[in-house]
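Accompanying notes for the structure given below.
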Amino acid sequence: QVQLVESGGGLVQAGGPLRLSCAASGRTTFINYALAWFRQAPGKEREFVATISRIGGNTYYADSVQGRFTISRDNAKSTVYLQMNSLKPEDTAVYYCGARAIVTSRTWDEYNYWGQGTQVTVSS
């Protein structure tokens, strides 16, 4: 099994940066998993944000965040990151990381493991 724990959320003013982290643990080989970030705002459906392949060779982003957000991973630390720049109020949501075997996906229910989420609130 894989356990995922997100951190780094908080309150930030519009235009500012924030970096989210998601650390994995358990009986797992981290490099075997594709990773992704999803988010869910109040009253909204869960939305794909970004995904990254096993060694980081391929990344994909939602149109709404492309050019502002960057997903990366450190396999030695079993951690995936989401660097968020130029934040907008509409980025306010709970952000979740997910893991699935081998290949990337933009569909949330294709991910087998999830973290508890971390709240990001963007003011102004």
Phi angles of the stretch 74-86, converted by Karplus (6.51 cos²θ - 1.76 cosθ + 1.60, θ = phi - 60°) into ³J(HN,Hα) in whole Hz with x for Gly and Pro, give 10, 5, 5, 9, 6, 9, 10, 10, 10, 8, 10, 10, 6
Counting only DSSP loop positions in the stretch 1-89, the GluC sites (Glu not before Pro) whose Cβ has at most 15 other Cβ atoms within 10 Å are 45
Reported to the nearest 10 Å², residue 106 has, with a 1.4 Å probe, an accessible area equal to 130 Å²
Regression test value, accessible area per residue of the chain, probe 1.4 Å, units Å², expected 51 Å²
Spelling it out for residue 92: with amide H atoms placed in the peptide plane at 1.01 Å from N, the residues 5 or more places away or on another chain with amide H under 5 Å from its amide H are 122
Expressed as a percent, the accessible surface of the chain that is carbon or sulfur, using a 1.4 Å probe and the full set of protein chains, is 46 percent
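The values are calculated or read from the model by the stated rules, or taken from the named source; none is laboratory data. What you are looking at is a predicted structure, and each value in this text was computed from that prediction instead of being measured. Reconstructed Cβ throughout: ideal geometry from the backbone, glycine too, with neighbour counts over all protein chains shown. Note: areas computed on protein heavy atoms with side chains; ligands, DNA, RNA excluded. Shrake-Rupley method; radii C 1.70, N 1.55, O 1.52, S 1.80 Å.
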